[in-house]
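Notes to accompany the following structure.
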Amino acid sequence: HEEAEYQEDAEEEVVYEGVGPGGVSFIVETLTDNRNRTAAAVRSLFSKNGGTLGQDGSVSWAFDSQTRLKVAVAGGGEDDDAVEAVMDLAMGADGVEDVVDDPDGGGTVEIFVGGAFSADATALATELGAGNHSITEMEHVRRPTVLVDCEEEAHEAFLAALEDAEEVIRWHHNREGQ
C-alpha cells in the first residue's frame, strides 16, 4: 500500500489578538507553517513591547469586519462632480457603512462595506466597474469601533516590530489618529 504524502510546507493564516502598548487593541494576521513557533513569536512581540497576547475574541469586539473598496473615479482627477456621483452612488448602496473622499483631491474614493467580501461589496464593485471606474484595491479590513489614545513612541516601536516579524502579514489596531 502507498502512504499519503504529508505536506510539511503547508501554510495557513492564523489570527492573534492582544493589547499592545498604551492599551491599544491589536489584531495580528500571520501566515505560518508552524502554529506553535508563530504563537511564541507573536507572544514575545507583545510582551517585549509592553503588551499582552490575548485569547480569541479578547479584542475583536472593538473592530467591525468590513470590505474596503478603493475606487479610481473615471475623470475624478479633473471632475469633482464625478467623485461626488460615485460617493452618492456608494452611500445609497446596500451594506455601505462609510465613504471617504481622497483628501488630496486625487480622484479616489474609499468605500467600506459591512462584512468580509460580502455580496453587497461584490455587487457594488460590479456596478462601479460598469461605470468605467476602476477598483484599485478590494480587501478585508477590521475597522476600530472604539479608539484609544496612547504615547506615540511606544506604539511606533511596536508597529516597527510587527513590520519586521517574518510571519506577520498585516495588523489592525485602534489607536486614535491612525
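The values are calculated or read from the model by the stated rules, or taken from the named source; none is laboratory data. Here the structure is a predicted model, which is why all the values come from computation and not from measurement. Glycine also receives a Cβ, built like all others from the backbone with ideal geometry; neighbour counts cover every protein chain displayed. Calculation scope for accessible area: heavy atoms of the full protein, side chains included, ligands and nucleic acids excluded. Shrake-Rupley method; radii C 1.70, N 1.55, O 1.52, S 1.80 Å.
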For this session: Select from the stretch 45-66 the residues that are open to solvent by 60 Å² or more (accessible area, probe 1.4 Å), in a helix (DSSP H, G or I) and touching a helix residue (DSSP H, G or I) at 6+ places or on another chain (Cβ under 9 Å) and list them in ascending order.
Result: 48
Exercise. Can you tell me which of 73, 28, 42 is touching a Phe, Trp or Tyr at 6+ places or on another chain (Cβ under 6 Å), surrounded by 16 or more Cβ atoms within 10 Å (Cβ to Cβ) and more than 12 Å from residue 173 (Cβ to Cβ)?
Worked result: 42
Problem set entry | Given (1) within 24 Å of residue 140 (Cβ to Cβ); (2) in contact with an Asp or Glu (Cβ under 7 Å, 6 or more places away or on another chain); (3) crowded, with 16+ Cβ neighbours inside 10 Å, index of the condition residue 100 fails | (3)
For this session: Tell me which of these residue 119 doesn't satisfy, since it passes every other one: (1) farther than 25 Å from residue 81 by Cβ; (2) under 16 Å from the mean Cα position of the chain (by Cα).
Result: (2)
Seminar exercise, completed: Here the residues within the stretch 107-128 that are at pLDDT below 90 and out of contact with any helix residue (DSSP H, G or I) (no Cβ under 9 Å at 6 or more places or on another chain) are 116, 117, 118
Problem set entry | Pair list, Cβ under 6 Å, 6 or more apart: the stretch 65-76 residue among the hydrophobic types (A, V, I, L, M, F, W, C), other residue open to solvent by 10 Å² or more (accessible area, probe 1.4 Å) and assigned to a loop (DSSP other than H, G, I, E, B) | 71/133; 73/133; 74/132; 74/133
Exercise. Among the numbered criteria (1) within 17 Å of residue 143 (Cβ to Cβ); (2) open to solvent by less than 40 Å² (accessible area, probe 1.4 Å); (3) touching a Lys or Arg at 6+ places or on another chain (Cβ under 8 Å), which single criterion is violated by residue 110?
Worked result: (2)
Exercise. Out of the stretch 145-169, which residues are open to solvent by 40 Å² or more (accessible area, probe 1.4 Å), modelled with pLDDT of 95 or more and not β-branched (Val, Ile, Thr)?
Worked result: 160, 163, 164
For this session: Please work out which residue is modelled with the lowest pLDDT, limiting yourself to the stretch 11-25 and to residues that are surrounded by fewer than 15 Cβ atoms within 10 Å (Cβ to Cβ) and either closer than 16 Å to residue 166 by Cα or among the acidic types (Asp, Glu) (or both).
Result: 11
Exercise. Is it true that some residue in the stretch 121-143 is open to solvent by less than 50 Å² (accessible area, probe 1.4 Å), farther than 15 Å from residue 90 by Cβ and not polar (S, T, N, Q)?
Worked result: yes
